[in-house]
1. Give the residues of region 163-187 that are surrounded by fewer than 22 Cβ atoms within 10 Å (Cβ to Cβ) and out of contact with any Asp or Glu (no Cβ under 9 Å at 6 or more places or on another chain), sorted by residue number.
2. Mind checking whether some residue in region 391-403 is more than 21 Å from T445 (Cα to Cα), out of contact with any helix residue (DSSP H, G or I) (no Cβ under 8 Å at 6 or more places or on another chain), in contact (Cβ under 8 Å) with a residue 12 or more places away in the chain and part of a helix (DSSP H, G or I)?
3. On the basis of being free of Cβ contacts under 8 Å to residues at least 40 places away in the same chain and either open to solvent by 40 Å² or more (accessible area, probe 1.4 Å) or more than 30 Å from A38 (Cβ to Cβ) (or both), does A227 make the cut?
4. Check E113 against each of (1) out of contact with any Leu (no Cβ under 9 Å at 6 or more places or on another chain); (2) of a type in the set (D, E); (3) buried (at least 18 other Cβ atoms within 10 Å of the Cβ) and name the one condition it does not meet.
5. Please pick out the residue among P256, P267 that is closer than 30 Å to D359 by Cβ and of a type outside the set (S, T, N, Q).
6. Filtering region 329-346 down to residues that are small (G, A, S) and assigned to a helix (DSSP H, G or I), which residue is most open to solvent (accessible area, probe 1.4 Å)?
7. Could you go through region 290-305 and let me know if any residue there is part of a helix (DSSP H, G or I), farther than 25 Å from G165 by Cβ, hydroxyl-bearing (S, T, Y) and touching a residue at least 40 places away in the same chain (Cβ under 8 Å).
8. Looking at (1) acidic (D, E); (2) out of contact with any Asp or Glu (no Cβ under 9 Å at 6 or more places or on another chain); (3) crowded, with 18+ Cβ neighbours inside 10 Å, can you tell me which one E233 breaks?
Amino acid sequence: MMPGWLRCLVAVSGLALSACASAPRDAGLAGVQRAVVAGTGQQVVWDPAGAISAPSSDASIQPLLAEPLSADRAVEIGLRNNRDLLATLESLGIARADLLQSRTIRNPVFDDELRFPGVPARPIESALMQPLFDLLRLRARRAAGEAAFQVTQLQVTGAVLAFAGDVRRDFYTEQAARQVLARQTTITDTARAAAELAQRQHEAGNISDLDLESEQARYETAKLDLARMALDELQARERLIADLGLVDPRTPLDLPSELPPMAQEDPATTDLQPALAGRLDLKLARAQLETARRNLPLARSDVFAGLAVGVHQDRETDGKWTAGPGVALPIPIFDTGRARRARALALIRQAEQRLYALDLAGRSAARTAAERLREARARAEYLHDTVVPRRQRILSLLQLENNAMLRGIFDLIRARQNYDDATREQVLALRDYWVARTDLQAALTGVRGFSVRP
């Protein structure tokens with residue numbers, strides 16, 4: 001018959017094995033996908049068991065690049081192809097492994113000693129010890145592991161949604177940069193034509209030195225603005241290429257020539273409280289607070305982490321065998337666990353304060369984003385309805401007076417430049433509107449502080 005102490009050890013091992021419940025096979029990807037689809041309308045794809053592949057070409061996404069690129073299409077490509085995003089999704093696999101580890105106890109330890117000399121038999125001492133304290137606090141470890149897993153799931157969700165917003169901002173910025181560069185090219189060409197005309201008229205004695213220098217100065221300023229805007233367009237393009245995960249920087253991007261018109265209605269910007277109720281950053285802060293609370297019982301009991309039970313067997317020098325149960329019990333004389341408990345309590349208080357501060361900061365950020373959206377819309381409407389039509393009418397009237405020889409050619413050129421300046425400002429205002437709309441959505445959903453980039 002099996003001794004009682006041995007039956008106890010077998011029962012302990014069986015409980016340990018049965019306690020190792022499985023973690024989600026998809027590492028929590030389904031929850032992330034639901035949130036991403038609800039927030040962006042796009043699907044995030046990740047294979048937990050997929051092989052690592054080095055980016056060698058853009059062939060896999062060429063079908064998506066063949067059609068004109070929209071903001072939604074850019075987000076779709078980025079969610080599939082951006083390596084920073086894929087690295088962030090790997091956090092789910094790491095969290096799943098940590099969750100499995102939190103449900104696992106340490107392995108048994110076998111200890112064997114052979115002593116010399118021995119008469120008539122060499123003495124042997126063997127012990128098989130099973131760490132017991134892991135099993136006794138398995139429920140607390142499992143709860144802490146599940147809380148930490150939820151934290152990672154929320155962090156990944158927030159990072160993916162924030163990345164989608166970044167792609168939209170960069171798309172609108174690149175689209176506007178192309179339009180602004182085209183308009184500035186027209187302005188520069190007009191300024192060059194005016195400077196050349198001024199040079200000819202100066203040589204003919206029709207204008208003064210001051211008039212010539214003024215036209216040439218305008219042309220030089222226009223060239224500087226053109227160089228700056230060409231650099232802005234290059235930087236915006238590079239950001240968008242990085243978002244899409246493209247390998248070849250020369251990959252053509254077929255963007256629409258015009259920014260989309262403003263939406264008929266914007267999100268409510270007066271009473272923001274209902275929209276802020278489900279902010280993701282607050283959910284994450286609460287999950288981090290819960291994790292800190294779950295770790296407190298573990299910190300209190302860590303001082304007894306070396307507790308173990310097992311089997312002990314000896315052979316004495318006379319050849320006789322003895323066996324029996326064994327126990328290892330830490331004695332908390334020097335390390336009483338006070339430091340670990342104090343640290344765990346400080347982490348709880350820190351998480352509570354950060355939750356409170358994050359709530360206030362998020363409300364302020366949402367109000368600021370709402371005001372930016374209202375201002376951007378009002379500015380874009382004013383430019384579209386008032387400034388640009390007026391500049392266009394001035395240009396038309398000056399054309400008529402120039403035809404009647406009542407106004408000089410330089411007045412007409414100046415009116416053309418003023419009209420082009422107004423249309424450029426209109427493009428920038430429309431860009432600011434779409435960026436502000438994206439920022440407001442990020443503030444309302446609470447993903448402003450998340451990022452997929454290190």
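The values are calculated or read from the model by the stated rules, or taken from the named source; none is laboratory data. These figures come from a predicted structure and were not determined experimentally. Note: ideal-geometry Cβ built from the backbone for every residue, glycine included; neighbour counts use all protein chains shown. Note: accessible area is taken over every heavy atom of the protein model, side chains too, but ligands, DNA and RNA are not part of it. Shrake-Rupley method; radii C 1.70, N 1.55, O 1.52, S 1.80 Å.
1. Across region 163-187, the qualifying residues are A182, T185.
2. no
3. When the stated conditions are applied, A227 passes them.
4. Here E113 meets the rest and fails (3).
5. Checking each option against the conditions leaves just P267.
6. A339
7. Checked region 290-305: at least one residue is part of a helix (DSSP H, G or I), farther than 25 Å from G165 by Cβ, hydroxyl-bearing (S, T, Y) and touching a residue at least 40 places away in the same chain (Cβ under 8 Å).
8. With respect to (1) acidic (D, E); (2) out of contact with any Asp or Glu (no Cβ under 9 Å at 6 or more places or on another chain); (3) crowded, with 18+ Cβ neighbours inside 10 Å, E233 is out only on (2).
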